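The values are calculated or read from the model by the stated rules, or taken from the named source; none is laboratory data. Predicted model only: the values in this text are computed from it and were never measured. A quick note on method: Cβ atoms are made from the backbone with ideal geometry, for glycine too, and the neighbour counts reach across all protein chains shown. With ligands, DNA and RNA removed, areas are computed over all heavy atoms of the protein, side chains included. Shrake-Rupley method; radii C 1.70, N 1.55, O 1.52, S 1.80 Å.
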Number of protein chains: 2
Amino acid sequence: MVCAVIGLAFAFFLIAAVTRAPSGNERMREISAAVQEGAKAYLNRQVKTISVIAVVIFILLFVFKDHPTAIGFVIGAFCSLAAGFIGMRVAVLANVRTAQAATIGRLDALRMGFNGGSVTGLLVVGLALLSVSIFYTIATKLIGSDAAIRSLVGLALGGSLISVFARLGGGIYTKAADVGADLVGKIEKGLEEDDPRNPAVIADNVGDNVGDCAGMAADVFETYAVSLVGAILVGLLTLGGNPAAIVYPFVLGGISVLGAICGIFFVNVARGKPTAVLMGAVMTNALVSAIVFWPVTQSLFPAGVIIDGVLRSPAQLYFASLVGLIMTPVIVALTNYYTSSHFRPVQKIAHASETGHATNIIAGLAAGEHATALPVLFIGAAIMVTYHFAGLYGIAVAVMSMLSMAGVIISLDSFGPITDNAGGVAVMAKLPKEVRVVTDDLDAVGNTMKAVTKGYAIASAGLAALVLFGSYVEELRGHITGRGEAFTFQFSLTDPKVIIGLFIGGLLPFVFTAFSMDAVGKAAGAVVREVRRQLQAKPGILTGEDRPEYGTCVDIVTKAALREMIVPALLPLVAVVLVAVIKPLGPVVLGGLLVGTIVTGLFIAIAMTSGGAAWDNAKKFIEEGNLGGKGSFAHAAAVTGDTVGDPYKDTFSFREPRRATRNVFAAYRRNVSAIENTWFHHKRVAESEVSRPCQMTQ
Amino acid sequence: MVCAVIGLAFAFFLIAAVTRAPSGNERMREISAAVQEGAKAYLNRQVKTISVIAVVIFILLFVFKDHPTAIGFVIGAFCSLAAGFIGMRVAVLANVRTAQAATIGRLDALRMGFNGGSVTGLLVVGLALLSVSIFYTIATKLIGSDAAIRSLVGLALGGSLISVFARLGGGIYTKAADVGADLVGKIEKGLEEDDPRNPAVIADNVGDNVGDCAGMAADVFETYAVSLVGAILVGLLTLGGNPAAIVYPFVLGGISVLGAICGIFFVNVARGKPTAVLMGAVMTNALVSAIVFWPVTQSLFPAGVIIDGVLRSPAQLYFASLVGLIMTPVIVALTNYYTSSHFRPVQKIAHASETGHATNIIAGLAAGEHATALPVLFIGAAIMVTYHFAGLYGIAVAVMSMLSMAGVIISLDSFGPITDNAGGVAVMAKLPKEVRVVTDDLDAVGNTMKAVTKGYAIASAGLAALVLFGSYVEELRGHITGRGEAFTFQFSLTDPKVIIGLFIGGLLPFVFTAFSMDAVGKAAGAVVREVRRQLQAKPGILTGEDRPEYGTCVDIVTKAALREMIVPALLPLVAVVLVAVIKPLGPVVLGGLLVGTIVTGLFIAIAMTSGGAAWDNAKKFIEEGNLGGKGSFAHAAAVTGDTVGDPYKDTFSFREPRRATRNVFAAYRRNVSAIENTWFHHKRVAESEVSRPCQMTQ
């Protein structure tokens, strides 16, 4: 808790530092203000939309479930929203200041951008850690430790609700604006990126903030909070009430907040290539954590601990946490290999562009699929090794230790939209060419960082798969044995229900992706129509005589994103509720669904994010003057690949269906007996009880 | 057996009928001869390559396993090869005759093309049924029923070996030639499809035959034989030696051969739209089977049968077989909806083409992903229903009954390359425009039929998933209990080994696809270079003064396909052997791998085949004059989509990894004790035995 407070204090110190920095000339401030305004307008409207749903769920939880869970729900939702909201406000302040710093030097711009991003990073981990620990402490005093831990599910649910909408809405927003701006601006009219004559340019810049900054913050807040709660739950169940097992995940998180602060210091004193400096921050954090974890593990478990009937030494627990720490740089390095223009995969796509659009696309699809192999094998190895060390709890420790790095990783991620926007400000404010070279350079680094963050988020979720499934089984077991019945579920692959669950679960990411891509397509279409309308109504825009109406594009894409996010967001929820209520299905199919979603989701997510980033950088590689450079045939093909890659890499967050599964189950896992009667007692259930399906969704 | 002989006799009658038909003018015969020669050259070289591997496996089986299995292997390999080889020879005879028939009328051409294709269809089911039944009958006399059934695995392995190479090599060949011909011919030089000035045109036509005809025939031969053997095995195990349970799958297959012949008669007498006539053949077959299955089921199981401790009535078994029959038209209808230009999905892609290459690609990817939902839900429902009727045996009966339709379905599939080639002959021989209209029309029907066949093959494999896994578990159980040990494997989702297996298995289709797409890319690159070289060396080719050297293109693509198929073909085999021999993995991980491969493979396969066919037909939709027609901006984008879709839909056969898994397991499941010792006895295994990894692959 102390560490969380230190982290938050440092975040506010950084906010002050960013705000104090010079914010450039009049024109720059004006552009920045427009972006700020657009972002604020979007977030306000999003908050309104989500609030309605949140209030309904709160009332249902309050009435049908217990009060602590309902209160936890509100806290989780509020903190998740706050992390994204404040982080984004700082990011839109930091962008213009990064552009201004770029007039002084590359290192200054790098630091300004990273410090701005660090606010979000520290807020996410600080708020997550603080809210869970305060809630747990108070709830333990009031209702006892076990009930407190079970109420934490409400807090996770709150975070999940926000993150589903924030990530998906933000993702649709950013990609619709981006694709829309590119299709008309770049491809039809031949404008440069961030050309102020493009009416969708402000919407594009707003999108970077609401998608990559606010959306990703809410997303990782949720993953962090859920994994923390999951680790505590697994600790409670496997270790039979050993208090150290519950404290341990908190301590790992706390130490890494300090590690993240060390990493931020590192960026502010180190010199060198941008990528090297940023990677240095990750390594600093990992190193600090690795050193401090050992004495802490020893003092928490001096005599070791018995898991699955075997005594595990403190060293074994420490090794499990080390595996989590090592996974972060491993995934970062792998993602970097597959998506950076310095290595073969991206260059292969660039070369394929020479023979046309189609070969570029084929090469990109193949590259994304190749990129799945090594991360998945490493995840498998990590599961095996940590399970060997300390059973399911060992995996949970590794997950928590991997996620404890979220502070510095989210800082890198938020660095992306800040530098992207800084580039936009530089172009629109007509700053000198040297400044743009600096911002373009940092923007490319930011792109790789964004891909790296996604790889990290996906891999940690893959690693957490078994913890999640384990806690599902344990909850189910607790529920059934709590009613005095025998728990007989095997979840065996020889059971057709498991296979059907795997099929339905495996389907969700595919259908979810399809709907998300459709949503981007529709929203982008709306932007394209509006931009074409403006350019036709005022031909002076292209010559620079008329000023485009940026506001209408922002408005259109805001509405479109909020409208289009509803179907994909509800899809997994509806699927899960249907599986739960349709009589011949039930909990075994739901278990298979959970695993099936993770299996196909893991691959789709890696293939799409890596493939998308690789297309993007293949285009950049050509634009740097290779293979004919800008304007060549290869470049046109590479632009197609980039445009495909954009929605491909950003709209799909494979955690959605998994999260929905878990939350639905968590939400109605107790208290609502009607649904469970249809599962377990369907032979003796009264007709009157069956005919109350309206209670199912509580 | 009698039915199989009737089927084969009818196939030879059809061959005679096709051969007797008029084969057009001099120029047409010349073109057809060139295609025949190229196809023969490829197949001969392929046979040589595969023979070496086949002989090695035969010797290993003969020495280390039992002689009946080794003999079964040879029979399976030979029949699989024969079905593809003879079918393809007839197809290349039928193409020119179909072009000639098109001069008379559409219906005549349709019948000629379908009759040519039917030869392959009847050969596949006839040879599969005959070889399995003769082998089983003789082996039972010599070594007893149980041992005979277990030796059948050798026959399936023989079919598998051929099909891996034939399908993959043929797939790479056809797509490399197609993409290569299109990239230079259509896109760079603006030539029409099948323009004789394109040096790769003959290679392209050869490719259709070796890929869609010979490759698909070997593929379905294998699926058919393996499912038949699997159904017998499940029957043997679940029903405890009730002879009717073993006879039943044979009888279902035999009846459907007669049904397929009825379907062929239907095509030769019916009038109407081509699609309606061909679908009528499928319905005729289904109807005949549905009617005859009932009395046969009743007479085989007059008193019902006890499965899993419950008495099942003959009606329940009959219903299970009906589900299999119904699945065929359901999958056909669904595939048709997602891939035909008459429905929304394809039209959406066509509309997306109006905004450019990138939106076309995004729409196509999304369409493919949407197309996974309904087939998978139907497969899940079919598994549930048939399991409810008669347990695992019920699923096996449904699989066999669905596959019994293979005769007519493969006839439809082989119809595709015949009409495609007929169109090529018509264009190259400069036949009148009316003839080309007929062949183009039939070609479009053929495209849908090809997509339909793929959907059918994928769905039947998905349905067979549990049968396959069940027979894996049973073999493992038999093996372990045979050594007097207890069988304790649970394959539970709570076991980290199962999760790791699911991840590794889920990975295989992704990596396999990536390698296959790379292989097509490389082989197509070789074709592109050769075509460019010829056009540069002899500029007279484009003006029609010089004749292109078709032979060198055929030769290059033949070599490239055989070279490039090796890595993807070996990949699943190597992965499975590694999982088997690496100590901490073993049979539980292998079981997870099997299921993981089916889960992701099912989705990838559906998404890719449907998406690819949808892109193809979106292009055709525009070429019919919609949205600006040929030469418009939308058309250029649609051509890109089609070129991406080509390798996307054809190189991936998701059964490869599954098949390899099963075969490797089947091949060394007994007799080779070294590998099993590392699994089960690794504590007491002698060092000398571990160090003999060279025996693993037997």
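Sorted by packing (mean other beta-carbon atoms within 10 Å per residue), highest first, where do A:352-363, A:72-83, A:26-37, B:44-55 land?
By packing density, highest mean first, the sequence is A:352-363, A:72-83, A:26-37, B:44-55.
What gaps in nm, shortest first, separate residue A:630 from its twins in the other copies when you place the label 7 Å past Cα toward the beta carbon?
Output for residue A:630: 3.8 nm, nearest copy listed first.
Other chains near A:503-514: what is the mean number of their Cβ atoms within 10 Å of each residue's Cβ? Kindly include the intermediate steps, with their values, before the conclusion.
Numbers: counts 12, 4, 1, 9, 12, 1, 3, 12, 6, 1, 5, 10.
So the per-residue partner count for this stretch is 6.
In the stretch B:569-586, whose amide N lies under 19 Å from the spot 7 Å out along Cα-to-Cβ of residue B:64? List them in ranges.
Label zone hits: B:570-583, B:586.
Under the definition of partner shielding as Cβ atoms of other protein chains within 10 Å of a residue Cβ, what is the mean value for peptide A:484-494? Can you show the working numbers first?
Working: counts 0, 0, 0, 0, 0, 3, 5, 7, 10, 21, 13.
Other-chain Cβ atoms within 10 Å of each residue's Cβ, averaged: 5.
Can you tell me the orientation of helix B:406-428 relative to chain B, as the angle in degrees between its alpha-carbon axis and the longest Cα principal axis, to the nearest 10?
Roughly 20 degrees between the two axes.
Relative to the longest principal axis of the C-alpha atoms of chain A, give the angle of the C-alpha long axis of helix A:373-403, reported between 0 and 90° and rounded to the nearest 10°.
Taking the Cα atoms of chain A, the angle to A:373-403 is about 40 degrees.
Kindly list the residues of the stretch A:595-633 that lie in the label zone of residue A:582, defined by a backbone N under 18 Å from the point 7 Å along the Cα-to-C-beta vector.
Within reach of a label on residue A:582: A:595-597.
Could you tell me how many degrees, from 0 to 90 and to the nearest 10, lie between the Cα long axis of helix A:314-339 and the main elongation axis, the longest principal axis, of the Cα atoms of chain A?
With both axes taken from Cα atoms, the answer is about 30 degrees.
In the stretch A:382-428, which residues give up 10 Å² or more of accessible area once the other protein chains are added, compared with their chain alone (1.4 Å probe)?
The answer is A:383, A:384, A:387.
Could you compute how much accessible area chains B and A hide from each other, both sides summed, with a 1.4 Å probe? Nearest 100 Å² is fine.
Chains B and A together bury approximately 5700 Å².
Relative contact order for the stretch A:1-117: what percent, with Cα pairs under 8 Å and sequence separation of 6 or more?
Relative contact order here is 38 percent.
Can you list the distances in nanometres, one decimal and ascending, from the residue B:64 label point to the identical position in each other copy, with the point 7 Å along Cα to Cβ?
Inter-copy label distances (nm, one decimal, shortest first): 5.9.
Eigenvalues of the Cα gyration tensor times 5, then square-rooted: what semi-axes does that give for the stretch B:110-209, in whole angstrom, largest first?
43, 16, 7
Ignoring ligands, DNA and RNA, please state the percent of accessible area on chain B from carbon and sulfur, probe 1.4 Å.
Carbon-and-sulfur percentage of accessible area, whole number: 65.
Near the amide H of residue A:312, under 5 Å away, which other amide H atoms are found, from residues 5 or more places off or on another chain, if H is placed in the peptide plane?
Answer set, sorted by chain and number: A:305, A:306, A:307.
Measuring with a 1.4 Å probe in the full set of protein chains, what accessible area per residue, in whole Å², belongs to the protein assembly as shown?
31 Å²
Plugging the Kirkwood radius over Cα pairs into Stokes-Einstein for the stretch A:184-314, at a temperature of 10 °C and a viscosity of 1.306 mPa s, what D comes out in µm²/s?
Working: Rh = 18.7 Å.
Rounded, D is 85 µm²/s.
State the dimensionless ratio Rg/Rh of chain A (Rg: radius of gyration of Cα atoms; Rh: Kirkwood radius). Before the final figure, lay out each step's value.
Values: Rg = 24.7 Å, Rh = 25.4 Å.
Radius of gyration over Kirkwood radius for chain A works out to 0.97.
How many percent of all Cα-Cα pairs in the protein assembly as shown sit more than 42 Å apart?
47 percent
Taking beta carbons within 10 Å but only from partner chains, what does the mean come to for residues B:589-602? Show your work: numbers first, answer last.
Numbers: counts 2, 0, 3, 2, 0, 1, 8, 8, 0, 4, 12, 9, 0, 5.
That average works out to 4.
Per DSSP H run of n ≥ 4, the term is -39500 (n - 2.57); total these for chain A, divide by its residue number, and report the mean residue ellipticity at 222 nm rounded to 500 deg cm²/dmol. Don't skip to the answer; put the middle values down first.
Details: 25 runs with 565 residues, N = 698.
Here the helix-only value at 222 nm equals -28500 deg cm²/dmol.
Cα atoms only, the stretch A:16-84: Rg and Dmax in Å?
Using the Cα atoms of the stretch A:16-84, the pair Rg, Dmax is 18.2, 56 Å.
Step through the residues of the stretch B:496-505 one at a time and calculate ³J(HN,Hα) from phi using the Karplus curve (6.51 cos²θ - 1.76 cosθ + 1.60, θ = phi - 60°), rounding each to whole Hz and writing x for Gly and Pro.
Per-residue couplings from phi come out as x, 5, 5, 4, 5, x, 4, 5, 5, x Hz.
Using Cα-only point scatterers and the Debye equation, what is log10 of I(q)/I(0) for the stretch A:262-335 at each q in 0.27 Å⁻¹, rounded to two decimals?
Debye curve over Cα of the stretch A:262-335, log10 I(q)/I(0) at q = 0.27 Å⁻¹: -1.15.
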